[in-house]
1. When you check residue 206 against the structure, is it outside any loop (DSSP other than H, G, I, E, B) and either of a type in the set (Gly, Ala, Ser) or touching a residue at least 60 places away in the same chain (Cβ under 8 Å) (or both), yes or no?
2. Taking residue 207 as the residue in question, decide whether it is among the polar types (S, T, N, Q) and surrounded by 24 or more Cβ atoms within 10 Å (Cβ to Cβ).
3. For the stretch 252-354, list the helices (runs of 4 or more DSSP H) that sit wholly inside it and hold at least 2 residues that are farther than 25 Å from residue 179 by Cβ and acidic (Asp, Glu); which are they?
4. Return a yes/no flag: does the stretch 274-282 have any residue that is at pLDDT below 95, of a type outside the set (S, T, N, Q) and in contact with a Pro (Cβ under 9 Å, 6 or more places away or on another chain).
5. From the residues in the stretch 211-237 that are surrounded by fewer than 19 Cβ atoms within 10 Å (Cβ to Cβ) and touching a residue at least 24 places away in the same chain (Cβ under 8 Å), which one is farthest from residue 68 (Cα to Cα)?
6. Determine if the stretch 18-36 includes at least one residue that is within 21 Å of residue 247 (Cβ to Cβ), open to solvent by 20 Å² or more (accessible area, probe 1.4 Å), at pLDDT 95 or above and under 22 Å from the mean Cα position of the chain (by Cα).
Amino acid sequence: MSDKILVTRSSMPSKEEYFEEIKSLWDSHWLTNMGEKHNRLEKSLKEYLGVSNISLFSNGHMALELVLQALDLHGEVITTPFTFASTTHAIVRNGLHPVFCDIKEDDYTIDETKIESLISERTCAILPVHVYGRMCNVEAIESIAGKHHLKVIYDAAHAFGVRYKGKGSASFGDASMLSFHATKVFNTIEGGAICFQNNNLEERLYSLKNFGIQSETLVSGVGANAKMNEFQAAMGICNLAHIEEEIQKRKKVYDRYMDNLEGLAGIGLVKPKLGETSNYAYFPVIFDETQCGQTRDDVYDRLAENNIYARKYFYPLTSEFECYKGQFAGTQTPIAKYVSERILCLPMYADLETRIVDRICNIIVSKIL
């Protein structure tokens, strides 16, 4: 495995730092159920993210699924098919119907100009996705939601640490879901969170992630088990201490890719938008075969031949999954379809060496017309 370059690699503190953080668990024997480390991480994240409320979960998917349940939604949710499986599955598993809106060509986020045409009497919410660390047009989306009295829940799995006009990405909408999966900019091994505006959601989320248990003898509802344990929280405490350094390391990798690939015919790159500070979570590239002489799959295969493993992310569209076969028309989202068939995320992580970035780019550029 040592000679393989994977699309990502988890950021971790030193063994000594993590071992020191978890050492007290052998004294307390408190390993889960909202212990001291869970509560400390929750407080630190609330401050770092600049949010009014936060609730930690075992993973991002359960966080998203349970916040949809907590909001007591019914009917249709306008969302994007250009996302990870979790987004669509969370909607469907709540008995809601996803209505797919197309994306924009420049940043691959939901096209806010097409949302209103999809609103019906059954629409209850909008679930946009911040993609590759690029945020949606939050101002336009929240204006539309206010006009039509809809909830807005952001899938902000890619947007940890991103800020727009000085405001943290997770502070927009009625709620935002963050993923702390091992592959993310910030990780708690597995984990996730919901950041939310309405204080009344706190008790509901707590209940849903803890079996509906309110006290030793009172179980007030049917809940799940989605609590973050103390080992996860300890990893988060350590990683949060280094997060700004990690993001700066990622920026160096991003800049090196840009130096190599920017301006080349047939290669589409994503840049942070005005007023947005990036977390450099991913390095997505669009390959237009008519201009660069190679398809996305050609590049993917050639990199794999050289032990470099990029990712077709997101492909296929969630609306085209086998489990949803025949339910949705791909013609509704032609830009998302075009992008999904041409997108490739190149290896991106904090400790990726510049010589490896140069090697990756040389393999790509060598075949351009």
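1. On the way: outside any loop (DSSP other than H, G, I, E, B): yes; either of a type in the set (Gly, Ala, Ser) or touching a residue at least 60 places away in the same chain (Cβ under 8 Å) (or both): yes.
It is true that residue 206 is outside any loop (DSSP other than H, G, I, E, B) and either of a type in the set (Gly, Ala, Ser) or touching a residue at least 60 places away in the same chain (Cβ under 8 Å) (or both).
2. Criteria not met by residue 207.
3. Values: elements: 289-292, 296-305, 334-340.
Fully inside the stretch 252-354 and qualifying: 296-305.
4. no
5. 231
6. There is no residue in the stretch 18-36 that is within 21 Å of residue 247 (Cβ to Cβ), open to solvent by 20 Å² or more (accessible area, probe 1.4 Å), at pLDDT 95 or above and under 22 Å from the mean Cα position of the chain (by Cα).
One line per residue, one yes/no per condition, for (1) farther than 25 Å from residue 237 by Cβ; (2) open to solvent by less than 10 Å² (accessible area, probe 1.4 Å); (3) at pLDDT below 95; (4) not β-branched (Val, Ile, Thr):
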{"position": "138", "(1), (2), (3), (4)": "yes, yes, no, no"}
{"position": "143", "(1), (2), (3), (4)": "yes, no, no, yes"}
{"position": "150", "(1), (2), (3), (4)": "yes, no, no, yes"}
{"position": "162", "(1), (2), (3), (4)": "no, yes, no, no"}
{"position": "175", "(1), (2), (3), (4)": "no, yes, no, yes"}
{"position": "179", "(1), (2), (3), (4)": "no, no, no, yes"}
{"position": "183", "(1), (2), (3), (4)": "no, no, no, no"}
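Residue-by-condition table, conditions (1) outside any helix (DSSP H, G or I); (2) open to solvent by 50 Å² or more (accessible area, probe 1.4 Å); (3) under 30 Å from residue 345 (Cα atoms):
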position	(1), (2), (3)
38	no, no, no
52	yes, yes, no
64	no, no, yes
68	no, no, yes
74	yes, yes, no
77	yes, no, yes
86	no, no, yes
89	no, yes, yes
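The values are calculated or read from the model by the stated rules, or taken from the named source; none is laboratory data. In this text the structure is predicted, and so the values were computed from the model without any measurement. Cβ atoms come from the backbone with ideal geometry, glycine included; neighbour counts cover every protein chain shown. For the accessible areas, the whole protein counts, side chains as well, though only heavy atoms, and no ligand, DNA or RNA atoms are used. Shrake-Rupley method; radii C 1.70, N 1.55, O 1.52, S 1.80 Å.
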